[in-house]
Amino acid sequence: MTQAPAKASRPQLVCRVCSSSNTHLMVEVESNQVLRCQACGHVFLNVAHTAESISTLYEDYGQQGENQYFSGMDAQVLSNIDGYLRRAQELVEVDETDQPLRLLDIGCGNGGLMQRAQQLGFAVEGVEICQPLAQLVRDRLDCRVHGCFVEDLEVDDASYDVITMYDLVEHLAEPCVDLRAVHRLLKPGGVLFVLTPNDDALVRTISKQLYRFTRGRFNRPMKKLYYPDHLSYFTKQSLHELFTRTGFEVLDWHTKNQELGRLEISWLEKIAVRALFVAGDRLSAAGGKHIAYVRKAV
Ligand SMILES: [Zn+2]
């Protein structure tokens, strides 16, 4: 993730979830303003995007091929992904049980999650706007990968049993638009799985306090936590608001800390983060990621 997003002339000032203009500046990290919505609690970057600027932003993901996105997939990450997929399998309630469950992974990167899903018996498809990565996954997994935005997919309504958004929804300029497209594509009784950073996490709360206490001088944790590719930072409240507004109901939700192997930080920082994770577990504090399973509201 090396390329800064192309900024449009007009900044994004209304909430990406509820469209309220009642927002305030939470923090400024380098040139990025992080706003918080007073209406739904959503936290978001004030960077406006067009389809073109989003496409440009993700072009360079393909330059690094296999190594970019789903990098750092050690045994712990793979085991957790298997657990997420098995939980989704358990929660699906569809009639056609003699066929493999059809899974669509949106923002599939180099296909790491799809590969695990294939091994668990799913019939997999992906969505990836970075064309070199889309082709990599087609070649590697011999499956269909749609090289377009999810709202532009030309497939029938109610096509999929499981749709996955693994570290994806935080990248979306208009998450409500994409979630409504997912709603169209998901079968009744099917499951949408969402994993995304949690802005209520203990590590973020402490980083914000350190930033405020030092008047912005100790800002490295904030730079690591709020950066240009992530346009949204969901709180529990704003994630539930997103699901409700787009026609979903929550089946299962909890938080979990990120695997240390996927964090791009120094070994010294990893020791500090590990200590924070242990303390957070003992205090039953909120973890770094939302893990949510939802279905179409009935
Ligand atoms: Zn809002």
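Go through (1) closer than 23 Å to V17 by Cβ; (2) modelled with pLDDT under 95; (3) not polar (S, T, N, Q); (4) not in a loop (DSSP other than H, G, I, E, B) and name the single condition L104 misses.
The number of the failed condition is (2).
Taking segment 180-235, which residues are among the β-branched types (V, I, T), in a helix (DSSP H, G or I) and modelled with pLDDT under 95?
V203, T205, I206
Taking T246 as the residue in question, decide whether it is modelled with pLDDT of 85 or more and in contact with a Cys (Cβ under 7 Å, 6 or more places away or on another chain).
So T246 fits the description; yes.
Let me confirm something: among R274, R295, which residue is in contact (Cβ under 8 Å) with a residue 12 or more places away in the chain and not in a helix (DSSP H, G or I)?
R295
Restricting the first residue to segment 128-151 and requiring it to be within 14 Å of Q115 (Cα to Cα), which pairs with a second residue that is assigned to a helix (DSSP H, G or I) and of a type in the set (D, E, K, R) meet a Cβ separation below 8 Å and a spacing of at least six or different chains?
These pairs meet every condition: L136/E66; R144/R138; V145/R138.
For segment 13-21, indicate whether the set of residues that are small (G, A, S), modelled with pLDDT of 75 or more, over 23 Å from I106 (Cβ atoms) and within 16 Å of the ligand (Cβ to nearest atom) is non-empty.
Yes: segment 13-21 contains one or more residues that are small (G, A, S), modelled with pLDDT of 75 or more, over 23 Å from I106 (Cβ atoms) and within 16 Å of the ligand (Cβ to nearest atom).
Could you list, in sequence order, all residues of segment 60-83 that are surrounded by fewer than 17 Cβ atoms within 10 Å (Cβ to Cβ), modelled with pLDDT under 75 and within 18 Å of the chain's Cα centre (by Cα)?
Matches in segment 60-83: S71, G72.
Of D156, D167, which residue is within 26 Å of A286 (Cβ to Cβ) and of a type in the set (D, E)?
D167
Would you confirm whether or not segment 146-159 contains a residue that is over 19 Å from the mean Cα position of the chain (by Cα) and either crowded, with 24+ Cβ neighbours inside 10 Å or farther than 30 Å from S19 by Cα (or both)?
No.
Which condition breaks for M165 when tested against (1) buried (at least 23 other Cβ atoms within 10 Å of the Cβ); (2) without any contact (Cβ under 8 Å) to a residue 24 or more places away in the chain?
Unmet for M165, out of (1) buried (at least 23 other Cβ atoms within 10 Å of the Cβ); (2) without any contact (Cβ under 8 Å) to a residue 24 or more places away in the chain: (2).
The values are calculated or read from the model by the stated rules, or taken from the named source; none is laboratory data. Model, not experiment: these values are computed from the prediction. When we count neighbours, we look across all protein chains shown, and the Cβ atoms used for this are built from the backbone with ideal geometry, even at glycine.
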